[in-house]
Amino acid sequence: MKRLLLSVRNLKTHFPLAKTIVKAVDGISFDLFEGETLCVVGESGSGKSAAARSILQILDRPGKIVDGEILLHRYREDDTTPSAIIDIAKLGRSSRAMQMVRRQDISMIFQEPMSSLSLAHSCGDQIVEAILLRHPRMAKRDAWQRAVELLRQMQLPDPALTASQYPFQLSGGMRQRAMIAMALASEPRILIADEPTTALDVTTQAEILALLERLRSSLGLGVIFITHDVGVVANIADRVAVMQLGKVVETGDLRSIFDHPQHPYTRMLLASAQRLEKPSPLRATVVPVESTHANVRPILKVRDLGKTFVLRRGLLGNGLKELRAVDGVSFDVMPRENVGIVGESGSGKSTMARCIVGLHNASAGSMLYRDASDGEVELAGRVRKGNDPLLREVRMIFQDPFSALNPRMTVGQIIGEPIRLAKTARGRELKERVAELLSLVGLEPRMMERYPHAFSGGQRQRIVIARAIATSPRLIVADEATSALDVSLRAQMLDLMLELQNRLNLSYVFITHDISNIRYFCDRVVVMHQGKVVETGTVDAVLNAPSHDYTKRLIASVPRPDPSLQTPQ
Amino acid sequence: MTQISDVSAPKVAPGAIKAPPDSGETPFRLMWRKLRRHRLAQISGVILILLYAIALLADFLAPRDPNAYIGRFTYAPPQQLHLFDGVTFAPFVYDYKVTVDPDALKRSFEVNPDKKIPVHFFVASEPYKLLGFIPLQHRFIGPADPESPFYLFGADRLGRDMLSRLIHGARISLSIGLSGVMLSLLIGVIVGGISGYVGGRTDMIIQRIIEFIWSLPQIPLWLGLAAAMPRDWTSLQAYFVITIILALIGWTELARVVRGRVLALKTEDFVAAARLDGASELRIILRHIVPSFMSHIIAVATLAIPAMILAETTLSYLGLGLQAPIVSWGVLLREAQNIRSIASAPWLLAPGFAVILAVLALNFFGDGLRDAADPYS
């Protein structure tokens, strides 16, 4: 019989603003038992982080718990009845009792370990501080020993070294391990993890998830794991709470949630994640590339592409260092084909994308582009300016729809800018063209008078796409076009891009770190690792039977949104 | 292009197109709305409007010519303005009872409750031109008989009306801040913009020059520049030279701010997008980058005005800025330089309070503007 650790009842957390009250958490209830992982899943703005922060009373101002109970159960050794039940919601934000709760009962790990660890103290010192708060009488040297031991439990290769290092000397994965060590230093019963792997690469994520899983079972922790990733939920959850707009719409066991989702929102969330598990139905309309290979020539032929950055050290430029971001990359893109470039951060995929569109100058190799009149144009070393037709034919979709749109220009001006500069239309004609583009990407033409801040993330990405297709391009480079979006919007955005492809005869170079996007969207895939291509082939061949070790590891690390597909831990 | 004109819009899931309710607002209206929530900035804004209105209408509002003097009333203390005589509206002030100490030859003033001096609104005066082009021959308020004493803020060493001098001083002191900032804004945006956008060695050189200027001790530098100004220049020339001296030092701060903003914006994707749209460098800077930080720059410039006002006051106080007969708050404060005159006539410090009021109001207003100008960051 598992013991109940935490019982949240009808919790309400509100953020009173000047005119309105944002009900971030609006009456949620759930229980957490010993040794289980409860996944709280929801999209951005669902209130899952506010709920987690309410439990530790570390809400940002003006957030306040206005109603409900957070009942923490304390036990003496192996007793089955709690020795004390504390209602955290009733405690003051900085009261002694609340400090005791944070010191010994509940710990939290955050999304960005860089900003949650102090840069001015070594990792060891920060862990020692947590240990000494828990055991005030422990000798400093013993506490240090214990800190090193904790880091060893985190499977760090050289725990003694890591303890003496500062957070900025560590990689993202190591930092997150140090963060977990610090959270566990206080020997808590409950661990709250707020999107702890979102900022990490997928292979690192898999390692951290496995580590958390091991710690949970060996220490009997109750883990509240907050995530937006349905794949992660399927991978680690025992029970699931689905949140939408501040409410828990459904709770249940992992299998019952995935096999028999009751609430329409849960169904929608699972469906949008699972939809990306197989090729898009819209892809079927495209003629298979292989059959036409003989008489169709590639629209883009990249050969031995290289991009080297010179890193300068010191004021006088001494100690030159080179970074080979892209190193001898070759691939072809056929007309109307979608080529996926997949890799983790630092693999050089974005740099390569910027070389193709001309934002970077390639240092080596060639990129032969077949233009509309069937002539070959060398893109490498060509400065594209002003009215260059290449600027119109090769376009880019950016990753972050918030940074990609000028906040001081109306949507009409943003989409009209490339048309105006290409001098293909102006005045009334330009306006009509913008209206047409807006309706083409599923927005209303009358929205052209508005500024970008009036739009949601998904709408902004549609505007970015409208700008990309404004000049009737032939090749579009999409750099992480969906990674800033919620799951439910990703498939929509990919469908939009596929529809546009069928209408406008586009070819895509699709840069992503997300394997599921590749499976849904692409015909062929190029796997990049540290600037080099490690494997290339059709999506089916590479994803189902990877030959290179790195590809195998990458694909095995991706959490699939289906509990039955998980490898047993 | 015709290939896409005849197709219908793709189907989009409901809810995907839903704009927040505050849509359709321009960034400047958004800024205005934020500013209206900033109580202190609002009050300061009203004070500033009043101050600048007073400066503009100085000729009309000041009861007397700022240089007119009456020898009998040196260091006369402030009079109280009474609006009602009994129950009828008839504004007046009481006359002084002047006694001269035969030993010290010092005048002492007492209120003479027996003699009332009637005060009229819109009294006739010698003709003048308001704002330089509206011919008028009335002032807002003044004694019915121009020879009788009327010193609401007291009189100075020569028996000149402090109130009138204060009002006329506002003109110079407030405008020198504005024009100095305009000039330094121009230099700052150009130099800072180049520094940030071009980057590399150009940026390095410009930044080292700015640091060099910062390393110069300010007051001796002002003194040197002001001392180099020929004595026989007209007051107008002196005014312009002082403005330029202030701007030549003031632009560095603004250039740094502009550079920082340009550096930050340069790496934004929307600038890359503009480049891919085929925009020229000039268009990228003027159309895409500058408007993005214009509101921020206006706020920073507002915060730079008080420094200019203080600098002018300091220079004039030290006797190296503007010279009498020009009236500025700094020039007026020179009168309060020695302890004895302050002891006997504390109202000579009034220009100091005017400076404090103007500087605080500008600072609070600038703070409010700056907070409101960054709704996106």
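The values are calculated or read from the model by the stated rules, or taken from the named source; none is laboratory data. If you're wondering where the values come from, they're calculated on a predicted model, not measured in any experiment. So basically every Cβ, Gly included, is an ideal-geometry build from the backbone, and we count neighbours across all protein chains shown.
Might you check whether a residue that is at pLDDT 85 or above and more than 19 Å from A:S472 (Cα to Cα) occurs anywhere in region A:415-426?
For region A:415-426, residues at pLDDT 85 or above and more than 19 Å from A:S472 (Cα to Cα): absent.
For region B:12-115, which helices (runs of 4 or more DSSP H) that fit wholly inside it have 2 or more residues that are at pLDDT below 80, more than 23 Å from B:L163 (Cα to Cα) and within 36 Å of the chain's Cα centre (by Cα)?
B:27-36
All but one of (1) surrounded by fewer than 19 Cβ atoms within 10 Å (Cβ to Cβ); (2) at pLDDT below 85; (3) within 30 Å of the chain's Cα centre (by Cα) hold for B:G260; which doesn't?
(2)
Restricting attention to region A:536-559, which residues are under 15 Å from A:T203 (Cβ atoms) and either assigned to a strand (DSSP E or B) or not polar (S, T, N, Q) (or both)?
A:P546, A:H548, A:D549, A:Y550, A:K552, A:R553, A:L554, A:I555, A:A556, A:V558, A:P559
Testing B:F270 on (1) touching a Ser or Thr at 6+ places or on another chain (Cβ under 7 Å); (2) closer than 21 Å to B:A155 by Cα, one condition comes back false. Which one is that?
Status for B:F270: all satisfied but (2).
If I ask for residues that are assigned to a loop (DSSP other than H, G, I, E, B) and closer than 24 Å to B:V98 by Cβ, which ones from region B:116-151 would you list?
Those that are assigned to a loop (DSSP other than H, G, I, E, B) and closer than 24 Å to B:V98 by Cβ: B:A144, B:D145, B:P146, B:E147, B:S148, B:P149, B:F150, B:Y151.
Looking at region A:29-114, what strands (runs of 3 or more DSSP E) fall wholly within it and have at least 2 residues that are surrounded by fewer than 20 Cβ atoms within 10 Å (Cβ to Cβ)?
Those strands (runs of 3 or more DSSP E) span A:64-74, A:84-87.
Check whether at least one residue in region A:195-215 is on the phi > 0 side of the Ramachandran plot and either modelled with pLDDT under 90 or surrounded by fewer than 21 Cβ atoms within 10 Å (Cβ to Cβ) (or both), and report yes or no.
Yes, because at least one residue in region A:195-215 is on the phi > 0 side of the Ramachandran plot and either modelled with pLDDT under 90 or surrounded by fewer than 21 Cβ atoms within 10 Å (Cβ to Cβ) (or both).
Is it the case that region B:153-168 has a residue that's among the small types (G, A, S), surrounded by 14 or more Cβ atoms within 10 Å (Cβ to Cβ) and assigned to a helix (DSSP H, G or I)? Walk me through how you get there before you give the answer.
Of all residues in region B:153-168, those among the small types (G, A, S) come to B:154-155, B:159, B:164.
With the extra rule that they be surrounded by 14 or more Cβ atoms within 10 Å (Cβ to Cβ), the set shrinks to B:154-155, B:159, B:164.
Then keep just the ones that are assigned to a helix (DSSP H, G or I); that gives B:164.
Within region B:153-168, one or more residues are among the small types (G, A, S), surrounded by 14 or more Cβ atoms within 10 Å (Cβ to Cβ) and assigned to a helix (DSSP H, G or I).
Among the numbered criteria (1) within 14 Å of chain A (Cβ to nearest Cβ); (2) surrounded by fewer than 20 Cβ atoms within 10 Å (Cβ to Cβ), which single criterion is violated by B:T314?
Against the list (1) within 14 Å of chain A (Cβ to nearest Cβ); (2) surrounded by fewer than 20 Cβ atoms within 10 Å (Cβ to Cβ), B:T314 comes up short only on (1).
Which condition number does B:G319 fail, the rest of (1) surrounded by fewer than 19 Cβ atoms within 10 Å (Cβ to Cβ); (2) assigned to a helix (DSSP H, G or I); (3) touching a residue at least 12 places away in the same chain (Cβ under 8 Å); (4) not polar (S, T, N, Q) being met?
With (1) surrounded by fewer than 19 Cβ atoms within 10 Å (Cβ to Cβ); (2) assigned to a helix (DSSP H, G or I); (3) touching a residue at least 12 places away in the same chain (Cβ under 8 Å); (4) not polar (S, T, N, Q) applied to B:G319, the lone miss is (2).
Which pairs have Cβ atoms under 6 Å, sit 6 or more apart or on different chains, and link a residue in region B:281-301 that is in contact (Cβ under 8 Å) with a residue 40 or more places away in the chain and away from chain A (no Cβ under 13 Å) to one that is part of a helix (DSSP H, G or I) and hydrophobic (A, V, I, L, M, F, W, C)?
B:A299/B:L369; B:A299/B:A373; B:V300/B:V257; B:A301/B:V181; B:A301/B:L185
Residue by residue, here is whether (1) closer than 17 Å to A:Q111 by Cα; (2) free of Cβ contacts under 8 Å to residues at least 60 places away in the same chain; (3) in a helix (DSSP H, G or I); (4) among the hydroxyl-bearing types (S, T, Y) holds:
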| position | (1), (2), (3), (4) |
| --- | --- |
| A:R152 | no, yes, yes, no |
| A:M174 | yes, yes, yes, no |
| A:I180 | yes, no, yes, no |
| A:Q205 | yes, no, yes, no |
| A:L211 | yes, yes, yes, no |
| A:I224 | yes, no, no, no |
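Which residue pairs have Cβ atoms under 7 Å apart, sit 6 or more places apart or on different chains, and have a first residue in region B:75-99 that is of a type in the set (V, I, T) and a second that is in a strand (DSSP E or B)?
B:V93/B:H82; B:V93/B:I117; B:V93/B:V119; B:V98/B:R107; B:V98/B:F109; B:T99/B:S108
Show me the helices (runs of 4 or more DSSP H) found entirely inside region A:414-526 where at least 2 residues are among the hydroxyl-bearing types (S, T, Y), more than 8 Å from chain B (Cβ to nearest Cβ) and touching a residue at least 12 places away in the same chain (Cβ under 8 Å).
Because the criterion is at least 2 residues that are among the hydroxyl-bearing types (S, T, Y), more than 8 Å from chain B (Cβ to nearest Cβ) and touching a residue at least 12 places away in the same chain (Cβ under 8 Å), the helices (runs of 4 or more DSSP H) in region A:414-526 that meet it are A:515-521.
When the residues of region A:403-413 are filtered to those that are at the interface with chain B (Cβ under 9 Å from one of its Cβ atoms) and touching a residue at least 12 places away in the same chain (Cβ under 8 Å), which remaining residue is nearest to A:A364 (Cα to Cα)?
So, considering only residues that are at the interface with chain B (Cβ under 9 Å from one of its Cβ atoms) and touching a residue at least 12 places away in the same chain (Cβ under 8 Å), the one nearest to A:A364 (Cα to Cα) is A:A404.
Looking at region B:83-123, which of its residues are out of contact with any Lys or Arg (no Cβ under 8 Å at 6 or more places or on another chain), under 28 Å from B:A58 (Cα atoms) and not β-branched (V, I, T)?
B:L83, B:F84, B:F89, B:A90, B:P91, B:Y96, B:K116, B:P118, B:H120, B:F121
Here's a check for you: in region A:373-398, which residue that is at the interface with chain B (Cβ under 9 Å from one of its Cβ atoms) and surrounded by fewer than 21 Cβ atoms within 10 Å (Cβ to Cβ) is modelled with the highest pLDDT? Working first, answer last.
Step one: of region A:373-398, the residues at the interface with chain B (Cβ under 9 Å from one of its Cβ atoms) are A:384-388, A:391-392, A:394-396, A:398.
In the following step, the residues that additionally are surrounded by fewer than 21 Cβ atoms within 10 Å (Cβ to Cβ) were identified as A:384-388.
Details: A:R384: 80, A:K385: 78, A:G386: 73, A:N387: 77, A:D388: 84.
Selected residue: A:D388.
If you take the residues in region A:350-372 that are assigned to a loop (DSSP other than H, G, I, E, B) and aliphatic (A, V, I, L, M), which one is farthest from the other protein chains (Cβ to nearest Cβ)?
Checking each candidate, the answer is A:A362.
Does A:L368 qualify as being touching a Lys or Arg at 6+ places or on another chain (Cβ under 6 Å), within 29 Å of A:E499 (Cα to Cα) and surrounded by fewer than 22 Cβ atoms within 10 Å (Cβ to Cβ)?
yes
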